[in-house]
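Taking it in order: structure first as C-alpha cells, then the write-up.
Derivation of every value follows stated rules applied to the coordinates shown; laboratory data play no part. Just so you know, these numbers come straight off a predicted model, no measurement behind them. Cβ coordinates were reconstructed from backbone atoms using ideal geometry, including for glycine residues, and neighbour counts include every protein chain displayed.
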C-alpha cells in the first residue's frame, strides 16, 4: 500500500478564521455595553457581571481559535498521513503527530453539532496523555473522559469524505496494525 497524504481544506480553515473573528467582535461589542466606570470603582450593584465574563470569555476563546486557525491557514503540510508505519496527524492547532500502528486498536466517529471527529483508539492512552505538553495534556484528558480516546481528528478540516477516511484508516490498520481480538470495530 502506498502512502496517503490527506490535505487540509483551506476553505474550511479560512471559515474557522472568520468565525473566530466574529466571536472576538461580539466580545468587543459587548464590553462597551458595560459601564466601565462601575468596574473601575468596584461597584457591582449596577453591572451584570455575567455579561462582563461572557464578553471576556468570547474574546479569549475567539483569540485562541483564531490563532490556531490562522496558523493552519499557512501550514502546507498534509493534515493527515497514512503509511505503513502509522498515522501522522497535523489536522488541528494541537496535532497529535506520529502514532504508530502498534499503538492503535481501532477508530470511532462522533458527530457533535454536525462536526464529525475521528477518534483514534489507543492501546495505552494514559502514556500518550502523560507524554504530551500542558495544553495538549489538558485537551487529551478532556477528549479521553468524554469520548474514550485522547486523539480526535476533525474530519471537517480535511479534503476527504468522512466515510472514506474512516474506511481508509481501518484498511491501513488491518494491513499494518497488530490485531486485537478483544476490540470490536464500529460498523
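If I take R0 = 22 Å and measure r between the Cβ atoms of residue 9 and residue 137 in this structure, what FRET efficiency does the formula 1/(1 + (r/R0)^6) give, to the nearest 0.05? With a Förster radius of 22 Å, E is 0.20.
Relative to the dominant Cα principal axis of the chain, helix 10-30 is inclined by about 20°. Sorting 49-62, 94-107 by their mean Cβ neighbour count within 10 Å, with the most densely packed peptide first, gives 94-107, 49-62. Only DSSP H runs of four or more residues enter the estimate; each adds -39500 (n - 2.57), and after division by the residues of the chain the mean residue ellipticity at 222 nm equals -15000 deg cm²/dmol. Taking the square roots of 5 times each eigenvalue of the Cα gyration tensor of the stretch 80-176, largest first, gives ellipsoid semi-axes of 19, 16, 12 Å. Look at 140, 113 and count the other Cβ atoms within 10 Å of each Cβ; fewest to most, that gives 113, 140.
Packing, taken as the mean count of other beta carbons within 10 Å per residue, orders the peptides 125-133, 144-152 from highest to lowest as 144-152, 125-133. Compared with the dominant principal axis of the Cα atoms in the chain, helix 134-147 is inclined by about 70°. Centre-to-centre separation between the Cα atoms of the stretch 132-162 and those of the stretch 50-117: 6 Å. Arranged from fewest to most other beta-carbon atoms within 10 Å of their beta carbon, 136, 159 become 159, 136. Does anyone have the angle between helix 49-73 and the longest principal axis of the chain? Alpha-carbon axes, 0 to 90°, nearest 10? Compared with the principal axis, the helix lies near 40 degrees.
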